[in-house]
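One structure is given below, encoded as structure tokens.
Quick note: the coordinates plus some simple rules give every number you see, no bench work behind them. On a predicted model such as this, the values are computed, not experimentally measured, just so you know. Methodologically, a virtual Cβ is constructed for each residue, glycine included, from the backbone with ideal geometry; neighbour enumeration extends over all protein chains shown.
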Amino acid sequence: MRHPYSALWFALTVGALAAPLRAQEMGFEEYDPRSTLKVPEHAVTRARFPFVDIHGHINGEVTPARAAEIVRGMDAINMAVFVNLSGRSGERLRQIVETLERAAPGRFVVFANPSYEGIDAPDYPARTAAQLEADVRNGARGLKIFKNLGMRVTDAAGRRVAVDDPRLDPLWKKAGELEIPVLIHTGDPAAFWEPMDRHNERWLELKEFPNRKQDGDPTWEQLLTEQLHVFRKHPGTTFVAAHFLWMANDLDRLGRIFDSLPNVLTELGAVIYDPGRQPRHAAAFFTRYQDRILMGKDVWEPSEYATYFRVLETADEYFPYYRKRHAFWRLYGLELPDTVLKKIYYQNALRLVPSLSRDRFPR
């Protein structure tokens, strides 16, 4: 007669043996090991100095209630000024500027966005430059260019409008005349153009978001070349190349660009995972180019700023980034000196946008 517990014993034994087998079949997406490393940790939920986020977006309707909600989050992390790059243009921009200033005086700055509609029309260059001038009169303090320029904007014939299309030259020139910065986002990470295989460190992101995979023209290098051509062609205009020009993984090359183009700055939006994996090299770069780097994050999520503060301010080792699909690796602190931190957090922004209120920053 079979023992009454034999079936249970068999099930438990098979289950115990099957667990390691299932682990062997686990996908990369599921793998999320807990580190056993014991090292000093310094959680930084509030920046050491008040800072300007030069790369922010308020998506959707801008209302007094929404502004008040954002200000509460800003106060918690020591953000003094939020730069809303999604300012649109015309009457919409005027309303956004007015709403934000009434809701929280001095806490928000708005950048305008150009339209490419009718780019084939003979009057487009002059009309677009004139619209920027009107937007500045209505409170815009800069110009933001989204990545659709160069990648998705087309003319009436369906041809791609390059970043350095000459029809945009009057716009760049006008920004220089008005003494406002142009924050320009061109392209995507170079890995998006690489084969989606076991060697691509952005494989997980491309799997989760297949529409981010890029193939063919324009290539990453082509977009970069067009962008740099604009910078060289308009030395009287100050450009802020968004996202470290997607070169936070190649700081030596970025340094050479800085050396050749004194009218170009950059910001940290959505790329802190790269300086944080090369702390010694990045700390030296940030120190050398301390006048050219601005604080920025991109997506408004107050809890995620802590990773930026920890990378910039501490000497912590081997801590996680907040979004695995961007960076599965661990980060290390740069422990930047206060003189450099102040420039990145607010001094460079005050120089870039002189109209910013200075009463919220250390003298």
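Could you tell me which numbered condition residue 259 fails, if it satisfies all but one of (1) assigned to a loop (DSSP other than H, G, I, E, B); (2) of a type outside the set (Val, Ile, Thr); (3) closer than 20 Å to residue 352 by Cα?
(1)
Looking at 224, 206, which one is of a type outside the set (Phe, Trp, Tyr), within 20 Å of the chain's Cα centre (by Cα) and buried (at least 21 other Cβ atoms within 10 Å of the Cβ)? If you could, list the steps in order and put the result at the bottom.
Values: 206 fails: buried (at least 21 other Cβ atoms within 10 Å of the Cβ).
Going through 224, 206 in turn, just one is of a type outside the set (Phe, Trp, Tyr), within 20 Å of the chain's Cα centre (by Cα) and buried (at least 21 other Cβ atoms within 10 Å of the Cβ): 224.
Quick grid of which residues meet (1) among the charged types (D, E, K, R); (2) farther than 21 Å from residue 266 by Cα; (3) surrounded by fewer than 19 Cβ atoms within 10 Å (Cβ to Cβ):
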position: 277; (1), (2), (3): yes, no, yes
position: 284; (1), (2), (3): no, no, yes
position: 287; (1), (2), (3): no, no, yes
position: 293; (1), (2), (3): no, no, no
position: 305; (1), (2), (3): no, no, no
position: 308; (1), (2), (3): no, no, no
position: 315; (1), (2), (3): no, yes, yes
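Look through 341, 334 and report the one residue that is out of contact with any strand residue (DSSP E or B) (no Cβ under 6 Å at 6 or more places or on another chain), surrounded by 18 or more Cβ atoms within 10 Å (Cβ to Cβ) and assigned to a loop (DSSP other than H, G, I, E, B).
On the way: 341 fails: assigned to a loop (DSSP other than H, G, I, E, B).
Only one candidate passes the filter, namely 334.
Rundown of residues vs (1) aliphatic (A, V, I, L, M); (2) more than 28 Å from residue 338 (Cβ to Cβ); (3) touching a Gly at 6+ places or on another chain (Cβ under 8 Å), yes/no style:
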residue	(1), (2), (3)
225	no, yes, no
276	no, no, yes
284	yes, no, no
289	no, no, yes
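Tell me, which strands (runs of 3 or more DSSP E) lie completely within segment 34-111 with 3 or more residues that are surrounded by fewer than 17 Cβ atoms within 10 Å (Cβ to Cβ) and not acidic (Asp, Glu)? Quick ask: steps written out before the conclusion?
Details: elements: 51-56, 79-84, 108-110.
Of the strands (runs of 3 or more DSSP E) lying wholly inside segment 34-111, none has at least 3 residues that are surrounded by fewer than 17 Cβ atoms within 10 Å (Cβ to Cβ) and not acidic (Asp, Glu).
Per-residue answers, yes or no, for (1) touching a strand residue (DSSP E or B) at 6+ places or on another chain (Cβ under 7 Å); (2) surrounded by 16 or more Cβ atoms within 10 Å (Cβ to Cβ); (3) aliphatic (A, V, I, L, M):
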{"residue": "113", "(1), (2), (3)": "yes, yes, no"}
{"residue": "121", "(1), (2), (3)": "no, no, yes"}
{"residue": "129", "(1), (2), (3)": "no, yes, yes"}
{"residue": "157", "(1), (2), (3)": "no, no, yes"}
{"residue": "167", "(1), (2), (3)": "no, yes, no"}
{"residue": "173", "(1), (2), (3)": "no, yes, no"}
{"residue": "180", "(1), (2), (3)": "yes, yes, yes"}
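Looking at residue 121 and the list (1) part of a loop (DSSP other than H, G, I, E, B); (2) in contact (Cβ under 8 Å) with a residue 40 or more places away in the chain; (3) farther than 19 Å from residue 183 by Cα, which single condition is not satisfied?
(2) is the only condition that residue 121 fails.
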